[in-house]
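Single-structure report; data block below.
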Amino acid sequence: MERHIKLADVEAVVKDVYEKYKDLEVDGETDPRLKGVDASKFGIAVTLTDGRTVTVGDVDTLSPLGAISLVPAFAVHREQKLDKQNKQHCCKRCLKENQGEKPKNLPISPSGVRLVSKIQPRGDADGKYDVIEDMIEGMMGSAPELNDALYESMSKTNIAANVENELAAAEYTLYDDAPIAIDTYTKMEALQATTRQMAMMGATLAADGRNPISGEYVFDGEIAPKVTAFMAVHGPSHLSKPWLIKSGLPAKSSFGGALMGVYPGVMAIAAYSPVVNDDGVSVKAFKAVHHIMKHLDLNVFDSAKIIID
């Protein structure tokens, strides 16, 4: 069954949602790691798999990728087929028995560090970072910018929290030198992009790895479902189940106030507002993306094939 939606209807809904929430006062604050952030900024971008884009508001304001950077990192991980390679070095039972306890209350995600540690080259900090940054740039069609001050601040916090030793004490399995994995993921989180760029990154995933503007395949389309599933399982912090049930859209969020959702074969939606709740999720971005899906009556779990004319 096919269901057709007019682009004009998408434009109208995005505009209406923006007008509804742009002046909304919400509980929360900007992340204390960010300096000089304008709390009034709010933008929404929708990019279709054919490159058509609908934008409104502050879509060209830079904000940290945060955990959203794990989406391209996971694409690299799957592209390198690291799961298969890891099994050549260690049996399934051994891996399962020696993962270690995930340390709690660290200023950096242990699972994020572990994912980055799996990416090749190993033992080469610059090489590992370059591979991930290349994937991000390919998916966005333009380069992100490193927030040097944020990166340095987060690195100092990791050192003060003794992250490396905490991971070691918990016997938390990493597949590369801990300092390299920690530093690389910290740098990834400190990369900045606009809402427009994040929507393009999501649209590349929705288009099975093909950048809608350049037409180039950034990664093999066969891994796209796995990357989208990764987003669905590891959704907005502490809100994964409610978010996926409410919105019907796999998504990732950033402590900087951005949220990016992907509708496979159709589009990506990105929204940005720097005021975040106690879980580090942007309240306005959360509401905006949720309501766009609701008002367009969209859900990735519906059986209908969506075509936007």
Taking region 34-55 and keeping only residues that are open to solvent by 60 Å² or more (accessible area, probe 1.4 Å) and within 21 Å of SER153 (Cα to Cα), one is left with LYS35, GLY36, ASP38
With the checklist (1) surrounded by fewer than 21 Cβ atoms within 10 Å (Cβ to Cβ); (2) out of contact with any strand residue (DSSP E or B) (no Cβ under 8 Å at 6 or more places or on another chain) in hand, flag the one item THR184 doesn't pass.
(1)
In region 139-193, how many are farther than 25 Å from PHE219 by Cβ and hydroxyl-bearing (Ser, Thr, Tyr)?
6
Filtering region 249-271 for residues that are surrounded by fewer than 22 Cβ atoms within 10 Å (Cβ to Cβ) and at positive phi leaves a count of 1
Residue by residue through region 4-19, note down the ones that are under 29 Å from LYS305 (Cβ atoms) and either open to solvent by 90 Å² or more (accessible area, probe 1.4 Å) or out of contact with any Leu (no Cβ under 9 Å at 6 or more places or on another chain) (or both).
HIS4, LYS6, ALA8, GLU11, ALA12, VAL14, LYS15, ASP16, VAL17, TYR18
Take GLU171 and tell me if it is touching a strand residue (DSSP E or B) at 6+ places or on another chain (Cβ under 9 Å) and either open to solvent by less than 50 Å² (accessible area, probe 1.4 Å) or in a loop (DSSP other than H, G, I, E, B) (or both).
no
Has region 149-157 got at least one residue that is surrounded by fewer than 19 Cβ atoms within 10 Å (Cβ to Cβ), touching a helix residue (DSSP H, G or I) at 6+ places or on another chain (Cβ under 6 Å) and in a helix (DSSP H, G or I)?
yes
Can you name the residue in region 271-303 that is touching a Leu at 6+ places or on another chain (Cβ under 7 Å) and in a strand (DSSP E or B) and is also modelled with the highest pLDDT among such residues?
ALA271
Say we look at region 80-121 and pick out the residues that are outside any loop (DSSP other than H, G, I, E, B) and open to solvent by 80 Å² or more (accessible area, probe 1.4 Å); which of these is modelled with the lowest pLDDT?
ARG93
Number of the exception - GLU164 against (1) part of a loop (DSSP other than H, G, I, E, B); (2) buried (at least 17 other Cβ atoms within 10 Å of the Cβ); (3) without any contact (Cβ under 8 Å) to a residue 24 or more places away in the chain
(1)
If ASP302 meets every condition in (1) under 16 Å from the mean Cα position of the chain (by Cα); (2) farther than 24 Å from VAL59 by Cα; (3) open to solvent by 20 Å² or more (accessible area, probe 1.4 Å) apart from one, which number is that one?
(1)
Sole miss for PRO274 among (1) touching a helix residue (DSSP H, G or I) at 6+ places or on another chain (Cβ under 7 Å); (2) of a type outside the set (D, E, K, R); (3) surrounded by 21 or more Cβ atoms within 10 Å (Cβ to Cβ); (4) over 29 Å from ASP309 (Cβ atoms) is condition (1)
Selection from region 198-223 of residues over 22 Å from VAL300 (Cα atoms) and free of Cβ contacts under 8 Å to residues at least 60 places away in the same chain yields GLY215, TYR217
Check off (1) buried (at least 18 other Cβ atoms within 10 Å of the Cβ); (2) not in a loop (DSSP other than H, G, I, E, B) for ILE307 and give me the number that stays unchecked.
(1)
Could you check region 187-211 and list, in sequence order, the residues that are among the hydroxyl-bearing types (Ser, Thr, Tyr) and either part of a helix (DSSP H, G or I) or open to solvent by 20 Å² or more (accessible area, probe 1.4 Å) (or both)?
THR195, THR204
Out of curiosity, is MET260 modelled with pLDDT of 95 or more and under 14 Å from the mean Cα position of the chain (by Cα)?
yes
Which members of region 20-32 meet the condition of being within 15 Å of ALA45 (Cα to Cα) and open to solvent by 50 Å² or more (accessible area, probe 1.4 Å)?
LYS22
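The values are calculated or read from the model by the stated rules, or taken from the named source; none is laboratory data. In this text the structure is predicted, and so the values were computed from the model without any measurement. Every residue, glycine among them, receives a Cβ derived from its backbone with ideal geometry; neighbour counts consider all protein chains shown. Ligands, DNA and RNA are excluded from the accessible area calculation, which covers all protein heavy atoms including side chains. Shrake-Rupley method; radii C 1.70, N 1.55, O 1.52, S 1.80 Å.
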